[in-house]
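S.K.: Here it is: the structure, laid out below.
The values are calculated or read from the model by the stated rules, or taken from the named source; none is laboratory data. Since the model is a prediction, treat every value here as computed from it, not as a measurement. Virtual Cβ from ideal backbone geometry, glycine too; neighbours counted across all protein chains shown. For the accessible areas, the whole protein counts, side chains as well, though only heavy atoms, and no ligand, DNA or RNA atoms are used. Shrake-Rupley method; radii C 1.70, N 1.55, O 1.52, S 1.80 Å.
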Amino acid sequence: MKRPEVWIFLFIIGILAFNWPFLDIFSISLPEYLFSFWLVFITLLFIFIRVIGKKERGV
Amino acid sequence: MFTPWTLFLVVLGYLILLFVIAYYAERKEKSGRSIVSNPYVYSLSLAVYCTSWTFYGSVGKAATSGLSFLTIYLGPTLMASLWWVVLRKIIRIAKENRITTISDFIGSRYGKSLFLSALVTIVAVVGIGPYLGLQIKAIISTFTILAGETKGSIAAGWFITLMLGIFAIIFGARRLDSSERHEGLVFAIAFESIVKLIAFLFVGFFVTYGLFDGFFDIFERIKDSEHGDLLFLGGGTSVSYNEWASLLFLSMMAIMFLPRQFHVAVVENSDVSHVSKAMWLFPLYLFLINIFVMPVAHGGLLLGGSQAEADSFVLTIPLSQGKSLLALFVFIGGFSAATAMIIVESLAISTMVMNNLVMPAIYRFNEMKGFPTIILNLKRIIIMGSVFLGYFFAVSIGEFYTLVDMGLKSFEAVTLFAPAFLIGLYWKQGSKKGVAAGLIAGFVIWLYTLLMPALLRSGLIEEQGILAYLVSSEIFNPHALFGLKGLDKWSHSLLWSLFFNLMLYFGVSIFTRQTEEEERQALVFVESYSPRAIPGKGLYSVNQVENILLQYIGRREAREAVENFLSKRKIKRDEISHRDLLKLRDEAERILSGALGAPIATLILEDKLILTKEERGELSSSIKVMSDSLRLSRQELAEANRELSFLKEFSQNIIESVPLGIATLDAELNVRYWNKEMEIITGISKGNAHGKPAKELLSCMEPDIFAGRRFDQECACQMKHPSQATLKVAMSPFRDPGGGYVLVFEDITEKKRMEEQLLQASKHASIGKLTAGVSHEIGNPLASISSLVQELQAEDTAPFVKESLKTINQHIERIARIVRSLGDFARLYRREKIPSNIKDVLDSTTNLTRYDKKFNKIDIETDIEEVPLMKINPDQLQQVFLNLMLNALDAMPDGGKLRISIKRIDGSVEIIFKDTGIGVDKEIIDRVFDPFFTTKGPGKGTGLGLSICYGIIKDHGGTINVDSEKGHGTTFIIRLPLEN
């Protein structure tokens, strides 16, 4: 896993998910979608940090 | 409701608590047991981002514009995913160069430009100042709501502002070095982050579950109300997707470039590894503090509140429900949000103003007595000035703006720094002129499209004269610049300011040249290059450095700084090397950068540089000599490199072209090189061989050679060839310090075959000579004996004599047959060859056997293809065929099958005799063509038959081979070349 690419990939996913057309697709229940994906994104950040942290420590 | 005095005492008590907390953290730091240097406090300190805008304004925004308030928190969450790449780099650069503000960062990046730093400072002060004021306004407003009267609110606001200023001075400007971390301040900010989060969760939970039946109840009710569109975005709602995207982008930039965010994220960072935990903890904090924003906003509306008063729903709802204590706690939460922002922002802005606007004007008065104290006090005055500037904004223009509106204007202002800052981190060609042009253009557009309409609306400026003409024109309309309509004001301003900012930044940078200092700083920032001792810099003695420092940061601090430098490197003051003096100068520059800003630090040290005219001349000559010799060295190096490449290619061509397999092995006997011939010999490609153990690839080689006990051998290997190849292998140690071996393979299969043929031929030649002599010497006397015996037999003799003579005659005939055979063997090489059909030769031979009773039990099958005429000796070949058939007969005493075939294969004719007889042992099969070797019993064979066959076939340039297994018959294969 190459670190800069991983973060840029995650960033782009977030940008896409929090903008049109996804907001339009989920317009029926927009608050639920926004808060759910927000939590998913934070979880992904947490997991990526753990994985990369372990790699850095050589675990 | 609470009386103003009660509230005042509560606020005072809370501020005292903050003082105690900050003091406690500083005490801990001094005792070496920091409670601040950890990722959790770091993450909480980043939550200074959540101001009273978050606490009150988000609810207001959610009640008026629906979901768009979320962009302000989703943007930082997205940006946090890039912190591993971006923020860590910024922190490393800032720490290395003792950068303390965003203006210093941009100024330093572009050649330590004081002008750029000052420009960034002006943009920041103008952009952030009113926002600072609105925090104080929020305190005053909420104080008024809770007190139920305006009396005393302004006075309380004044007092609170003063207290906040004092707090910022005590915990942020006790010493001059701004690069020093302020653990007390950070701990107090982190504490306030917890207070505001808990307060908001309390009121949110109260509204959602105390007044309604949870989230879905509120959402269902609001959907059915007149405010149903608050749950949607895009067409038909108050927020378009364009505006959503613009706000998202603005908040992404704000989290990086707001001065207070830069201060807590970069300057107050104690360990760059804390960033990794903050990357998910900070977004989680934002998530939690926003969970109840919509329920509170919608709940307020459902309870009859108006959208105009939505900013204060968090306070008015508990008050209206008689929950005074909850309202007081919420007030404290909002107060925490506002005070944290005011303290850090005023500290950051004052450092910028001090370093970039004030210091350039006064730094030359360093000879003045007590100059360091003057600087420090000036900084304290500026902090207090910043805080009271906010107070001024709060009481003068605060009533005209909402929290969100002013906050977004600040976001737009700091977004102007993005191109210079972010692109400057990764693109070296960006120049000072490009940044200045872009920043000025962007700032003018920001002023014209966002600030000016706000000032016009508030009446602070009037729409008349040229301004009236501009505002009403088609092209210069501040809401539709250049006639572009249809965009909301945030997207409109962002589009044009960013467009001109970027175009001018890139355009001017590309078409202008950087100064040397700009190039050097570009390397420092983009490549994270740490400049070592640079010979061009002015050199100071230790005392001179200390003298310079003491003029700006005080005698004690200067002495401490120098002593620290010397003790860390274990250097004595009077034994310092030239290189360490240069490092000391750099250290002094970094200290001054921390206290006064990088541009001023550079100016101070350059001003102190004293070189005589002669010294400058010598320095210039030295540099010229050095650069000349460097240029020559580079040319020589390039030439040597070219020659080396040629030699490498040449030697590789030789190794690849030579008809020998060459491989190199490392000390562990793994293949390192494998030439083309090795691929042909072994059938193993270079790719498959590289790195593999030679023992595995060349398993046919004896282990001795790999054990180093032998260095050459001949081995028969089953390689790519269809049959076994005989290889000669030589292995020699490699002349390399790392060890290893060179293996050379030679395919000697053909050579060995020729040697065997030569040996066989010489055997036959010797025996031919011998047999010729023997047959001659024995033949003549034997003829005489035979004729005498025949004469005696003709005589009438006794029966015993007659019988004896008959026996003698039989033995003589046998001897004569042997002698004739010997004669035939000797005469093999003297027969002539004529063009003949080999099929006819075989037919005549098989015809001979048909009349022999002994062949009755043998079933002869023939499979004969048409073959061209061949130049052969038919008699000799007939003898060969007959010999082979007689051998087959002997091998099948009880009968069997003999299959004879003639086929044309490529350029030769193949004749096969295959019987189903007793076969030959493997051990003796190699000897069947040797003269006098026979497996038949005594008196039954001479051992010359197959040897004669071998000689005849060799004489015809062909080959004869035998394949047999005991009990499974024998096959003779004759191949004769067609050119015969």
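S.K.: Can you say whether B:I912 is in contact (Cβ under 8 Å) with a residue 24 or more places away in the chain and assigned to a strand (DSSP E or B), as far as the supplied structure shows? First the steps, then the outcome.
M.R.: On the way: in contact (Cβ under 8 Å) with a residue 24 or more places away in the chain: yes; assigned to a strand (DSSP E or B): yes.
It is true that B:I912 is in contact (Cβ under 8 Å) with a residue 24 or more places away in the chain and assigned to a strand (DSSP E or B).
S.K.: Among the residues that make up the range B:224-235, is at least one of them more than 14 Å from chain A (Cβ to nearest Cβ), assigned to a helix (DSSP H, G or I), open to solvent by 10 Å² or more (accessible area, probe 1.4 Å) and under 30 Å from A:W20 (Cα atoms)? Show your work before the answer.
M.R.: First, the residues of the range B:224-235 that are more than 14 Å from chain A (Cβ to nearest Cβ): B:224-226.
Adding the requirement that they be assigned to a helix (DSSP H, G or I) leaves B:224.
Next cut, open to solvent by 10 Å² or more (accessible area, probe 1.4 Å) only: B:224.
Among the residues that remain, those that are also under 30 Å from A:W20 (Cα atoms) are: B:224.
So far as the range B:224-235 goes, yes, one or more of its residues are more than 14 Å from chain A (Cβ to nearest Cβ), assigned to a helix (DSSP H, G or I), open to solvent by 10 Å² or more (accessible area, probe 1.4 Å) and under 30 Å from A:W20 (Cα atoms).
S.K.: Could you tell me whether B:G210 is away from chain A (no Cβ under 11 Å), of a type in the set (G, A, S) and closer than 14 Å to A:P31 by Cβ?
M.R.: The answer is no for B:G210.
S.K.: Considering (1) under 16 Å from B:G945 (Cβ atoms); (2) surrounded by fewer than 17 Cβ atoms within 10 Å (Cβ to Cβ); (3) without any contact (Cβ under 8 Å) to a residue 40 or more places away in the chain, say which one B:P893 fails and leave the rest.
M.R.: Here B:P893 clears every test but (1).
S.K.: Let me ask something additional. Against the definition (surrounded by fewer than 24 Cβ atoms within 10 Å (Cβ to Cβ), within 27 Å of B:I90 (Cα to Cα) and basic (K, R)), how does B:K323 come out, yes or no? Write out each step before concluding.
M.R.: Values: surrounded by fewer than 24 Cβ atoms within 10 Å (Cβ to Cβ): yes; within 27 Å of B:I90 (Cα to Cα): no; basic (K, R): yes.
Judged against the criteria, B:K323 is not a match.
S.K.: To continue, here is another question. Suppose the filter is of a type in the set (V, I, T) and within 14 Å of chain A (Cβ to nearest Cβ); does B:I317 pass it? Break it down stepwise before answering.
M.R.: Numbers: of a type in the set (V, I, T): yes; within 14 Å of chain A (Cβ to nearest Cβ): no.
It is false that B:I317 is of a type in the set (V, I, T) and within 14 Å of chain A (Cβ to nearest Cβ).
S.K.: Within the range B:796-817, is even one residue aromatic (F, W, Y) and part of a helix (DSSP H, G or I)? So that I can check it myself, show each step before the final result.
M.R.: Initially, the range B:796-817 is screened for residues aromatic (F, W, Y), giving B:800.
From the residues that got through so far, the ones that are part of a helix (DSSP H, G or I) too are B:800.
Checked the range B:796-817: at least one residue is aromatic (F, W, Y) and part of a helix (DSSP H, G or I).
S.K.: Quick one: which residue in B:A94, B:A22 is more than 14 Å from every other protein chain (Cβ to nearest Cβ) and in contact with a Gly (Cβ under 6 Å, 6 or more places away or on another chain)? Walk me through how you get there before you give the answer.
M.R.: Working: B:A94 fails: in contact with a Gly (Cβ under 6 Å, 6 or more places away or on another chain).
Criteria check complete, one pass: B:A22.
S.K.: Let me ask another. Can you go through B:S270, B:S276 and tell me which one is open to solvent by 10 Å² or more (accessible area, probe 1.4 Å) and within 12 Å of chain A (Cβ to nearest Cβ)?
M.R.: Values: B:S270 fails: within 12 Å of chain A (Cβ to nearest Cβ).
Exactly one of B:S270, B:S276 is open to solvent by 10 Å² or more (accessible area, probe 1.4 Å) and within 12 Å of chain A (Cβ to nearest Cβ), namely B:S276.
S.K.: For the range A:13-50, name all the residues that are within 28 Å of B:V275 (Cα to Cα) and open to solvent by 60 Å² or more (accessible area, probe 1.4 Å).
M.R.: A:L16, A:S36, A:L39, A:V40, A:T43, A:F46, A:I47, A:R50
S.K.: If we keep just the residues of the range A:1-39 that are over 11 Å from B:L78 (Cβ atoms) and among the polar types (S, T, N, Q), which is nearest to the other protein chains (Cβ to nearest Cβ)?
M.R.: This residue is A:S27.
S.K.: Here's another thing I want to ask about it. Using the structure shown, decide if B:S45 is in a helix (DSSP H, G or I) and farther than 23 Å from B:I194 by Cβ.
M.R.: Numbers: in a helix (DSSP H, G or I): yes; farther than 23 Å from B:I194 by Cβ: no.
Taking the combined requirement at face value, the residue does not satisfy it.
One line per residue, one yes/no per condition, for (1) touching a Ser or Thr at 6+ places or on another chain (Cβ under 8 Å); (2) modelled with pLDDT of 85 or more; (3) in the same structural domain as B:I952 (by TED's automatic domain parsing); (4) open to solvent by less than 60 Å² (accessible area, probe 1.4 Å):
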| residue | (1), (2), (3), (4) |
| --- | --- |
| B:F825 | yes, no, no, yes |
| B:T845 | no, no, yes, yes |
| B:T849 | no, no, yes, yes |
| B:K854 | no, no, yes, no |
| B:L884 | no, yes, yes, yes |
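S.K.: Follow-up question, since we're still on this one. Answer with yes or no whether B:N961 is among the polar types (S, T, N, Q) and in contact (Cβ under 8 Å) with a residue 60 or more places away in the chain.
M.R.: Values: among the polar types (S, T, N, Q): yes; in contact (Cβ under 8 Å) with a residue 60 or more places away in the chain: no.
Against the criterion (among the polar types (S, T, N, Q) and in contact (Cβ under 8 Å) with a residue 60 or more places away in the chain), B:N961 does not qualify.
S.K.: Any idea how many residues of the range B:128-141 are within 28 Å of B:P419 (Cβ to Cβ) and either hydroxyl-bearing (S, T, Y) or at pLDDT 90 or above (or both)?
M.R.: Final tally of qualifying residues: 1.
S.K.: Those residues that are buried (at least 24 other Cβ atoms within 10 Å of the Cβ), in a helix (DSSP H, G or I) and within 11 Å of another protein chain (Cβ to nearest Cβ), I need them from the range B:80-91; list them, please.
M.R.: B:A80
S.K.: Being open to solvent by 10 Å² or more (accessible area, probe 1.4 Å) and at pLDDT 95 or above narrows it down to one residue among B:I440, B:I461, B:I466; which is it? Can you show your working first?
M.R.: Working: B:I461 fails: at pLDDT 95 or above; B:I466 fails: at pLDDT 95 or above.
When all the criteria are applied, what remains is B:I440.
S.K.: Tell me the residue from B:Y40, B:Y23 that is surrounded by fewer than 24 Cβ atoms within 10 Å (Cβ to Cβ), closer than 26 Å to B:G333 by Cα, of a type in the set (F, W, Y) and within 43 Å of the chain's Cα centre (by Cα), please. Before the answer, list the steps.
M.R.: Values: B:Y23 fails: within 43 Å of the chain's Cα centre (by Cα).
Being surrounded by fewer than 24 Cβ atoms within 10 Å (Cβ to Cβ), closer than 26 Å to B:G333 by Cα, of a type in the set (F, W, Y) and within 43 Å of the chain's Cα centre (by Cα) holds for just one of B:Y40, B:Y23, which is B:Y40.
S.K.: Can you tell which of B:F249, B:F219 is in a helix (DSSP H, G or I), surrounded by fewer than 21 Cβ atoms within 10 Å (Cβ to Cβ) and within 11 Å of chain A (Cβ to nearest Cβ)? Talk me through it step by step, then tell me what you get.
M.R.: Details: B:F249 fails: surrounded by fewer than 21 Cβ atoms within 10 Å (Cβ to Cβ).
Sole residue among the options that is in a helix (DSSP H, G or I), surrounded by fewer than 21 Cβ atoms within 10 Å (Cβ to Cβ) and within 11 Å of chain A (Cβ to nearest Cβ): B:F219.
S.K.: While we're on this one: Residues that are within 20 Å of B:S541 (Cβ to Cβ) and at pLDDT below 75: does the range B:617-625 have at least one? Walk me through how you get there before you give the answer.
M.R.: First pass over the range B:617-625, keeping only residues within 20 Å of B:S541 (Cβ to Cβ): B:618-619.
Add one more test, that the residue is at pLDDT below 75, and what stays is B:618-619.
Yes, the conditions are met somewhere in the range B:617-625.
S.K.: For the structure I just gave you, tell me whether B:V296 is within 14 Å of chain A (Cβ to nearest Cβ), β-branched (V, I, T) and assigned to a loop (DSSP other than H, G, I, E, B). Quick ask: steps written out before the conclusion?
M.R.: Details: within 14 Å of chain A (Cβ to nearest Cβ): yes; β-branched (V, I, T): yes; assigned to a loop (DSSP other than H, G, I, E, B): no.
Spelling it out, it is not the case that B:V296 is within 14 Å of chain A (Cβ to nearest Cβ), β-branched (V, I, T) and assigned to a loop (DSSP other than H, G, I, E, B).
S.K.: Can you name every residue in the range B:44-62 that is in contact with a His (Cβ under 9 Å, 6 or more places away or on another chain) and either more than 14 Å from chain A (Cβ to nearest Cβ) or open to solvent by 10 Å² or more (accessible area, probe 1.4 Å) (or both)? Steps first, answer last, please.
M.R.: Going through the range B:44-62, the residues in contact with a His (Cβ under 9 Å, 6 or more places away or on another chain) turn out to be B:48, B:62.
Listed by number, the list holds a single entry, B:V48.
S.K.: Check off (1) in contact with a helix residue (DSSP H, G or I) (Cβ under 7 Å, 6 or more places away or on another chain); (2) over 16 Å from B:S58 (Cα atoms); (3) of a type outside the set (D, E, K, R) for B:S273 and give me the number that stays unchecked.
M.R.: Every condition holds for B:S273 apart from (1).
S.K.: Output the number of the condition that B:E649 fails; it satisfies all remaining conditions of (1) of a type in the set (D, E); (2) modelled with pLDDT of 85 or more; (3) part of a loop (DSSP other than H, G, I, E, B).
M.R.: (3)
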